[in-house]
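Taking it in order: structure first as structure tokens, then the write-up.
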Amino acid sequence: MTRLFNDPDDFAEESAAGFAAASARWVRPVTGGVVRSTRGAEPTVSVVIGGGSGHYPAFAGLVGPGLAHGAAMGNLFASPSAHQVHSVAVAANEGRGVLLSYGNYAGDVLHFTQAQERMREAGIDCRTVLVTDDISSAPKAEIEKRRGIAGDLVVFKIAGAAAEAGLDLDDVERLALLANARTRTLGVAFGGCTLPGADEPLFTVPEGRMAVGLGIHGEPGIDEVDVPTAAGLAELFVSSLLAEIPDGVDADGARVVPILNGLGSVKYEELYVVYAEIDRLLAEAGIVVVSPEVGEFCTSFDMAGVSLTLLWLDDEIEPLWHAPCDTPAFRRGAVEGRIAVDDVEVVEEEVVIGPASDASREAATTIDRAMTAIAAMLDAQADELGRIDRIAGDGDHGIGMQRGSKAAAAAASSSAAAGAGARTTLQQAGDAWADKGGGTSGAIWGEMLVALGATLGDDAEVDAARIAAGVTAMKDAVMSFGKAKVGDKTMIDAIVPFADRLAELVAAGTELVPAWSDAADTADRAAKSTADLTAKLGRARSHGDKSLGTPDPGAVSFALIAHTVLDILEGNE
């Protein structure tokens, strides 16, 4: 468990501040993360990486010459927001284009894609390479759906070395894709990790058992077996990964980099015992071991677990893997000719409170009360939502919703107090939810609140018809943004029937409060019915059958929010 912290809500931010202070030789802090504190003699393509905190040295520990130019740092196990990614990418950009690279998780994809679009709109060439090395997360026929775990290091290192060599963005992207295609990983765990302030771990493994194929956020494994000997674990790793040799690779005589990664609490001595057998088995298979790495490269707080990554080298990748780099957590050779970068003041976008009608300001006051009530409700429900999410997910839905709603409530209160209208208040609340909540739910709730605000406006009468239209806009935004549909076992299964029922009743002349009450009951029934569905999207997808009998946490939290808003609306009558 995590023992040393102040306020758990501030843990990621305080940890990032301490990291930046201790690592000033390599990095300097910017809004949303860190970027290099030095530059080379000539500008290069910029490699920007990132993800949730709690995985050190991924991601900030890999920023420095020869590797990444910047890292966006999300909250604990939550993707950084689009605002954070964009801020880091802008600060890291040297004028030759930006490559974004990160693990293939839904929340990261949503946020990084938004940031990429903003970069492109500003005329900056920005590309993306997803890391998909985890063989347990999807079958080989659906390799593009696999998540990224310890193979992150490989892709980031190859991309960073290619950039350092002065290659253009086309080649940096191509080589990063090649590195990803030639990297495979399998992980196991003996016990889960406990986040700061939490009373229990995100998941548990029975005593004497080992979860095979779990994710670095605590996503359930694909199998559970008795804990083997070190030799038995090495055999599992090697046999599984040799059954997944990349296309076009002949194992006999192949040159391979093995990376044995501790996930948090497995000690180096144990790793070396396992590696001795891995080395023997690879040699026995006719494989040439090159520059093996044993240590911590992508952790999961204090998770008791291990992963093995195999990078299958070729003539292009091998010199890039061996090229010099100098970062807080991964160094090789000597990097010369660095020049210190003067700190550049990052100018935050000023929040402008524009004019608003009296009716819209009154609606903003109601929104403020609703957001405060939502935050209080989600704070009380965080543990239960986390419990539901642990069945087939990573268990952080409750924490993410708690963080996001708390930030949204504070932003709404500040905006309403400053005389903002409904649109501005919801815009600020949505941006805050996305920033602090992170993950898929943070991105989606951010989009939903912004869409609702755009419909309500700052100067229009906020009546039942406009509210129903705004809720429909929320539904459309989340369906377009997240690409989910009814039946995928997501929040969509609750918001679609809610929005459709509300629109139907309001169109028929029903007043807002009874219409909302009926729609909220509809959402509640829909959320409960997701217990009969198998997950088809998100982290729970590859373990969907495990959630049969348990409702989707996103759908449940939406239904709870709908009823909380109803309480506020009824109080206004």
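Remark: pairs (first residue in the range 47-64, within 16 Å of residue 17 (Cα to Cα); second residue basic (Lys, Arg); Cβ separation under 7 Å; 6+ apart in sequence or on different chains) = 63/36. Among the residues of the range 92-109, just one is closer than 23 Å to residue 448 by Cβ and either of a type in the set (Val, Ile, Thr) or over 9 Å from the mean Cα position of the chain (by Cα) (or both), namely 109.
Do we have any residue at all in the range 85-100 that's part of a loop (DSSP other than H, G, I, E, B) and among the basic types (Lys, Arg)? Looking for residues that are part of a loop (DSSP other than H, G, I, E, B) and among the basic types (Lys, Arg), one finds at least one in the range 85-100, hence yes.
The rows are residues; the columns are (1) touching a Ser or Thr at 6+ places or on another chain (Cβ under 9 Å); (2) over 28 Å from residue 76 (Cα atoms); (3) buried (at least 24 other Cβ atoms within 10 Å of the Cβ); (4) not polar (S, T, N, Q).
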{"residue": "146", "(1), (2), (3), (4)": "yes, no, yes, yes"}
{"residue": "154", "(1), (2), (3), (4)": "yes, no, yes, yes"}
{"residue": "159", "(1), (2), (3), (4)": "yes, no, yes, yes"}
{"residue": "189", "(1), (2), (3), (4)": "yes, no, yes, yes"}
{"residue": "194", "(1), (2), (3), (4)": "yes, no, no, no"}
{"residue": "198", "(1), (2), (3), (4)": "yes, no, no, yes"}
{"residue": "202", "(1), (2), (3), (4)": "yes, no, yes, yes"}
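Can you confirm whether residue 385 is of a type outside the set (Asp, Glu), surrounded by 20 or more Cβ atoms within 10 Å (Cβ to Cβ), out of contact with any Phe, Trp or Tyr (no Cβ under 8 Å at 6 or more places or on another chain) and at pLDDT below 95?
Numbers: of a type outside the set (Asp, Glu): yes; surrounded by 20 or more Cβ atoms within 10 Å (Cβ to Cβ): yes; out of contact with any Phe, Trp or Tyr (no Cβ under 8 Å at 6 or more places or on another chain): yes; at pLDDT below 95: yes.
Yes: the conditions hold for residue 385.
Can you tell me how many residues in the range 377-431 are under 30 Å from residue 219 (Cβ atoms) and of a type in the set (A, V, I, L, M)?
Keep residues of the range 377-431 that are under 30 Å from residue 219 (Cβ atoms), which gives 377-409, 429-431.
Going one step further and asking which of them are of a type in the set (A, V, I, L, M), we end up with 377-378, 380, 382, 385, 388, 391-392, 399, 401, 407-409, 429.
Qualifying residue count, the range 377-431: 14.
Among the helices (runs of 4 or more DSSP H) confined to the range 420-522, the ones with at least 2 residues that are among the polar types (S, T, N, Q) and out of contact with any strand residue (DSSP E or B) (no Cβ under 7 Å at 6 or more places or on another chain) are located at 422-437, 439-456, 464-482. Scan the range 1-30 for residues that are out of contact with any strand residue (DSSP E or B) (no Cβ under 8 Å at 6 or more places or on another chain) and of a type in the set (A, V, I, L, M, F, W, C) and jot them down. Matches in the range 1-30: 1, 4, 5, 21, 22, 24.
Would you confirm, using the coordinates I've provided, whether residue 130 is at pLDDT 95 or above, within 25 Å of residue 310 (Cβ to Cβ), surrounded by fewer than 24 Cβ atoms within 10 Å (Cβ to Cβ) and not assigned by TED's automatic domain parsing to the domain that holds residue 430? In short, yes.
Just give me the residues in the range 31-47 being farther than 19 Å from residue 338 by Cα and buried (at least 24 other Cβ atoms within 10 Å of the Cβ), in sequence order. Write out each step before concluding.
Our first condition is that a residue be farther than 19 Å from residue 338 by Cα; within the range 31-47, this holds for 31-33.
Result: 32, 33.
Listed by first and then second residue, the pairs with beta-carbon distance under 7 Å, at least 6 apart or on different chains, first residue in the range 503-516 and within 17 Å of residue 563 (Cα to Cα), second assigned to a loop (DSSP other than H, G, I, E, B) and of a type in the set (D, E, K, R), are 513/573.
Among the residues of the range 355-392, those that are assigned to a loop (DSSP other than H, G, I, E, B), out of contact with any Pro (no Cβ under 7 Å at 6 or more places or on another chain) and over 22 Å from residue 569 (Cβ atoms) comprise 355, 391. Looking across 530, 455, one residue alone is touching a residue at least 24 places away in the same chain (Cβ under 8 Å) and assigned by TED's automatic domain parsing to the domain that holds residue 413. It is 530. Just one residue in the set 106, 138 is touching a helix residue (DSSP H, G or I) at 6+ places or on another chain (Cβ under 6 Å) and surrounded by fewer than 22 Cβ atoms within 10 Å (Cβ to Cβ); that residue is 138. Restricting 163, 141, 189 to residues that are in contact with a strand residue (DSSP E or B) (Cβ under 9 Å, 6 or more places away or on another chain), of a type in the set (Gly, Ala, Ser) and under 30 Å from residue 315 (Cα atoms) narrows the list to 163.
Can you say whether residue 336 is more than 28 Å from the chain's Cα centre (by Cα) and either of a type in the set (A, V, I, L, M, F, W, C) or in a helix (DSSP H, G or I) (or both), as far as the supplied structure shows? In short, no.
State yes or no: is residue 19 over 23 Å from residue 116 (Cα atoms), touching a helix residue (DSSP H, G or I) at 6+ places or on another chain (Cβ under 7 Å) and at pLDDT 95 or above? Spell out how you get there, then give the answer.
Details: over 23 Å from residue 116 (Cα atoms): yes; touching a helix residue (DSSP H, G or I) at 6+ places or on another chain (Cβ under 7 Å): yes; at pLDDT 95 or above: yes.
Taking the combined requirement at face value, the residue satisfies it.
With respect to residue 150, is the statement that it is surrounded by 21 or more Cβ atoms within 10 Å (Cβ to Cβ) and not in a loop (DSSP other than H, G, I, E, B) true? Considered against the rule, which asks whether it is surrounded by 21 or more Cβ atoms within 10 Å (Cβ to Cβ) and not in a loop (DSSP other than H, G, I, E, B), residue 150 comes out as no. Take the conditions in contact with a Phe, Trp or Tyr (Cβ under 6 Å, 6 or more places away or on another chain), farther than 19 Å from residue 214 by Cα and without any contact (Cβ under 8 Å) to a residue 40 or more places away in the chain and apply them to residue 294. Does it pass? Spelling it out, residue 294 is indeed in contact with a Phe, Trp or Tyr (Cβ under 6 Å, 6 or more places away or on another chain), farther than 19 Å from residue 214 by Cα and without any contact (Cβ under 8 Å) to a residue 40 or more places away in the chain.
Can you confirm whether the range 296-316 contains a residue that is at positive phi, aromatic (Phe, Trp, Tyr), touching a strand residue (DSSP E or B) at 6+ places or on another chain (Cβ under 9 Å) and assigned by TED's automatic domain parsing to the domain that holds residue 208? Give the derivation first.
Start the filter on the range 296-316 by keeping residues that are at positive phi, which leaves 301.
Filter once more, keeping what is aromatic (Phe, Trp, Tyr): 301.
After this cut, where a residue has to be touching a strand residue (DSSP E or B) at 6+ places or on another chain (Cβ under 9 Å) as well, the list is 301.
Retained after the next criterion (residues that are assigned by TED's automatic domain parsing to the domain that holds residue 208): 301.
Yes.
The values are calculated or read from the model by the stated rules, or taken from the named source; none is laboratory data. Predicted model only: the values in this text are computed from it and were never measured. Note: ideal-geometry Cβ built from the backbone for every residue, glycine included; neighbour counts use all protein chains shown.
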